[in-house]
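Notes follow once the structure below has been shown.
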Amino acid sequence: MAQLSETYACAPSTERGRGILISGDPKSNSILYCNGRSVLIRYLDRPLHVHVYGEHGYPVTVARYSPNGEWIASADVSGTVRIWGTHNEFVLKKDFKVLSGRIDDLQWSADGMRIVACGDGKGKSLVRTFMWDSGSTVGDFDGHSRRVLSCDFKPTRPFRIVTCGEDFLVNLYEGPPFKFKLSIRDHSNFVNCVRFSPDGNKFITVSSDKKGLIYDAKTGDKMGEFSSEDGHTGSIYAVSWNPDSKQVLTVSADKSAKVWEISEDGNGKVVKTLVCSETGAVEDMLVGCLWQNDHLITVSLGGIINIFSTSDLDQAPSSFSGHMKNVTTLTVLKNNQKMLSSSYDGIIIRWIQGVGYSGKIIHKDIPQIKCLVAVEEEIVTSGFDNKVWRIPLSDGECGDAEYVDVGSQPMDVSLAISSPRLALVSTDSGVVLLNGAKVVSNIKLGFPVTACAIAPDGSEAIVGGRDGKLHIYSVSGDTLKEEAVLEKHRGAITVIEYSPDVSMFASADGFHESVVWDRASKEVKLNNMLFHTARLNCLAWSPNSTLVATGSLDTCVVIYEIGKPASSRITIKHAHLGGVYGLAFIDDLNVVSSGEDASVRVWRLTQE
Amino acid sequence: MQLCKFKWDIMNFQPNATSGMGVDDNSKNTFLELKRKKIHRYVIFKIEEKKKEVVVEKTGGPAESYDDFTASLPDNDCRYAVYDYDFVTSDNCQKSKIFFIAWSPSTSRIRSKMLYATSKDRIRRDLDGIHYEVQATDPTEMDLEVLRDRAN
């Protein structure tokens, strides 16, 4: 049996030039955000327990709790809104096709009976308000000609809805049933966000023209604006009110967040500027914010979530992050039990079991990562160009990297663990042996090589081809001598791994089969490992060489035990939405897996 | 006239896409023994191409386990099998269901798969009393769990 023990969740997916919306529930101290097709519910006091809702068929853009905290409404790029329960395993209440294009913002009315959704669409369907349980439209929303970026409900009577968008307009509607009341054109660029104050007296609009304007909520008259002294120097992407309606938090592309004091006459003055950027890079542009209880939460373009405490704004924030894209490789560093995960966009993150996020390893020379292997003191990676990089790692900091050009895109990289200077790289035409950063030999094998492994002492190499055949070579100096060819697989070999005690090796293919072989006799040791239903992406051995775990595109992880028949296996179903791409054993009882949902999960194996 | 008679024979003999295999009496009797007298746990049938018949290849005693049964099926050739599955339901009744397993591994020859697929209807009709049918193309598809899920 396997149980989920920890989840290292992904970061919100961000897009340059647009803000994102995160929301939360003050009562349960949780925040909601979206990545890909999943909605993530994170509890701020229990960061390792994350709930994921993955029922959308399209990338999700925004999710919000209902005022009573019982339901969550989430919207995606196809214009569908799904309303589901917070408890009881996210049972679906209703789903509606609301707009004809992507939905950018969604708000519940204060009584939880109506929902307004706005976004992209054609003509009339840029904004729609509907009853939450029946979906019947409540009002006509003309007035916008371009994408509507944000909308909000006035929380007190008389009810109003305010919307703002890319046509620089802010529109006010009164009702219900909602009718157009007036249009305001005070901004000179996209109006990114509009929010009513919790007491219902004012609303603020923020825009890419770096200004924030404050209006009277009932009449729509302009009351004042954010003072330009100490103001933002870049587009303001989001605004969030304090629960007592006296202060707001804004985040901007100038990489800072500001807390403003809003006076009764409607003018805003900066109270504090929060700078969360260390390097000043593009990734530090802030795109989302939330003021919840005593926490100020900001999200940066690079996916880092910073939490400041209201009581002490000068204190450094607690920050955490995650991957934003498919996590394709996962390794465990043996000496300090840290895990390294990397995604194809070149981000490497370090995780510690029991703690979670422990920092990003950023290297300016590495834009994309396809393969990554790590031993104690260095990382060897390759991307989509012809280079293989070696980066020394000391105390988690990167040293200077050196690279070697191997002639064509590396398909797989394998390190001889006992002598890590030796590496074997497989390419479309053959294999390349590397010693340090030098090419020892470039051997053309005549068949496309898809996976390779080199024995820990560097004396033997196993190479798998697209035709499913495994070729075993003995390595002497710079030449390979073919010792045997093993034919059993029916699809291209995707991964080959030696067992830690080097007595066996396991291979997996694209036809959902994996096989464990005895190294000395080249006989099949464990047969019928066919319990997946799609291509196998990754394979890992337990440190004591008794368990083999395989992860597949079918989102499952299956763990087999050597010595027992393959049918007595442990299956972890739906480990990662979209497919499992990385697997490693932390110790003999804990498996860590990563996948296309950009999350990393730790599973605890228990004996039945 | 001759031509018409010939066609009539063929139509009578092969009403659907069947291969014209007969089922010999021994096969039928062995199946009835499994069903009524419970002296076999499983029976494995094989198609003898030359005799154009389905014959019994192997039977297993009541003490044999499911693993013995799966071990008797060849890896690279098709077979038909009947297995008597005993289990206890959720309200604690001892029940027994007879499974017909069409074993057609993907590693077997195409001719073998074709032959067994087209003769299956004929043998199913003769073996009266089968509760469930399972088609298995690799060992995972006839795993004990599959039988358990079907029976419940």
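So here's what we get for this one:
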| item | result |
| --- | --- |
| Hits in the range B:51-69 - residues which are without any contact (Cβ under 8 Å) to a residue 40 or more places away in the chain and either within 14 Å of chain A (Cβ to nearest Cβ) or part of a loop (DSSP other than H, G, I, E, B) (or both) | B:K51, B:K52, B:G61, B:P62, B:A63, B:E64, B:S65, B:D67, B:D68, B:F69 |
| Scan of the range A:374-400 for residues that are over 20 Å from A:S419 (Cβ atoms), in a loop (DSSP other than H, G, I, E, B) and either open to solvent by 30 Å² or more (accessible area, probe 1.4 Å) or touching a residue at least 60 places away in the same chain (Cβ under 8 Å) (or both), ordered by number | A:F384, A:D385, A:N386, A:D395, A:D400 |
| Selection within the range A:409-436 - of a type in the set (S, T, N, Q) and buried (at least 24 other Cβ atoms within 10 Å of the Cβ) | A:S414, A:S426 |
| Criterion violated by B:A102 - all others in (1) under 18 Å from B:V55 (Cβ atoms); (2) surrounded by fewer than 16 Cβ atoms within 10 Å (Cβ to Cβ); (3) of a type outside the set (D, E) satisfied | (2) |
| Residue count for the range A:30-55, restricted to those that are in contact with a strand residue (DSSP E or B) (Cβ under 6 Å, 6 or more places away or on another chain) and at positive phi | 0 |
| A:V439 being open to solvent by less than 20 Å² (accessible area, probe 1.4 Å), outside any loop (DSSP other than H, G, I, E, B) and of a type in the set (A, V, I, L, M, F, W, C) | no |
| Test for B:C93: is it touching a helix residue (DSSP H, G or I) at 6+ places or on another chain (Cβ under 9 Å) and at pLDDT 80 or above | no |
| Residue tally, condition under 24 Å from B:E145 (Cβ atoms), touching an Asp or Glu at 6+ places or on another chain (Cβ under 6 Å) and modelled with pLDDT under 90, over the range A:550-597 | 1 |
| Test for A:L169: is it of a type in the set (A, V, I, L, M), crowded, with 24+ Cβ neighbours inside 10 Å and under 19 Å from A:L99 (Cβ atoms) | no |
| Residues that are open to solvent by less than 50 Å² (accessible area, probe 1.4 Å) and either of a type in the set (S, T, N, Q) or over 20 Å from B:P105 (Cβ atoms) (or both), drawn from the range B:27-54 | B:S27, B:T30, B:F31, B:L34, B:H40, B:R41 |
| Flag if A:S503 is among the hydroxyl-bearing types (S, T, Y), surrounded by fewer than 20 Cβ atoms within 10 Å (Cβ to Cβ) and in contact (Cβ under 8 Å) with a residue 40 or more places away in the chain | yes |
| Segments classed as strands (runs of 3 or more DSSP E), wholly inside the range A:1-111, with at least 2 members that are without any contact (Cβ under 8 Å) to a residue 60 or more places away in the chain and open to solvent by less than 10 Å² (accessible area, probe 1.4 Å) | A:30-35, A:38-43, A:60-65, A:71-76, A:80-85, A:103-108 |
| Yes/no for A:S594 being farther than 16 Å from A:T494 by Cα, in contact with a Phe, Trp or Tyr (Cβ under 8 Å, 6 or more places away or on another chain) and polar (S, T, N, Q) | yes |
| A:L48 being at pLDDT below 90 and closer than 26 Å to A:V557 by Cβ | yes |
| Only listed residue being away from every other protein chain (no Cβ under 14 Å) and either in contact with a helix residue (DSSP H, G or I) (Cβ under 8 Å, 6 or more places away or on another chain) or at pLDDT below 85 (or both), chosen from B:Y85, B:Y116 | B:Y85 |
| Every residue from the range A:444-457 that is open to solvent by 10 Å² or more (accessible area, probe 1.4 Å) and not in a strand (DSSP E or B) | A:L445, A:G446, A:F447, A:P448, A:P456, A:D457 |
| Some residue of the range A:476-487 being within 14 Å of chain B (Cβ to nearest Cβ), surrounded by 19 or more Cβ atoms within 10 Å (Cβ to Cβ), part of a strand (DSSP E or B) and charged (D, E, K, R) | no |
| Hey, B:Q94 surrounded by fewer than 16 Cβ atoms within 10 Å (Cβ to Cβ) and either within 14 Å of another protein chain (Cβ to nearest Cβ) or within 14 Å of the chain's Cα centre (by Cα) (or both) or not | no |
| Wholly enclosed strands (runs of 3 or more DSSP E) of the range A:510-608 bearing at least 2 residues more than 13 Å from chain B (Cβ to nearest Cβ) and either open to solvent by less than 30 Å² (accessible area, probe 1.4 Å) or free of Cβ contacts under 8 Å to residues at least 12 places away in the same chain (or both) | A:514-518, A:536-541, A:547-552, A:557-561, A:580-585, A:590-595, A:600-605 |
| Positions within the range B:109-118 being more than 12 Å from the chain's Cα centre (by Cα), surrounded by 15 or more Cβ atoms within 10 Å (Cβ to Cβ) and free of Cβ contacts under 8 Å to residues at least 40 places away in the same chain, in sequence order | B:S112, B:K113 |
| Within the range A:488-500, considering residues that are of a type outside the set (D, E, K, R) and within 14 Å of chain B (Cβ to nearest Cβ), the one surrounded by the most Cβ atoms within 10 Å (Cβ to Cβ) | A:H489 |
| Count of residues meeting criterion [touching a Cys at 6+ places or on another chain (Cβ under 9 Å), in contact (Cβ under 8 Å) with a residue 40 or more places away in the chain and more than 21 Å from A:V287 (Cβ to Cβ)] in the range A:137-186 | 2 |
| Residues located in the range B:119-152, provided they are hydrophobic (A, V, I, L, M, F, W, C), open to solvent by 30 Å² or more (accessible area, probe 1.4 Å) and away from chain A (no Cβ under 12 Å) | none |
| Selection from the range A:135-155 of residues that are out of contact with any Pro (no Cβ under 8 Å at 6 or more places or on another chain) and open to solvent by less than 50 Å² (accessible area, probe 1.4 Å) | A:G135, A:F141, A:G143, A:H144, A:R147, A:V148, A:L149, A:S150, A:C151, A:D152, A:F153, A:K154 |
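The values are calculated or read from the model by the stated rules, or taken from the named source; none is laboratory data. Predicted model, so just to flag it, every value in this text is computed and none were measured. Heads up, the Cβs are rebuilt from the backbone with ideal geometry, glycines too, and the neighbour counts pull from every protein chain shown. Remember, those area values only see protein heavy atoms, side chains included, never the ligands or the DNA or RNA. Shrake-Rupley method; radii C 1.70, N 1.55, O 1.52, S 1.80 Å.
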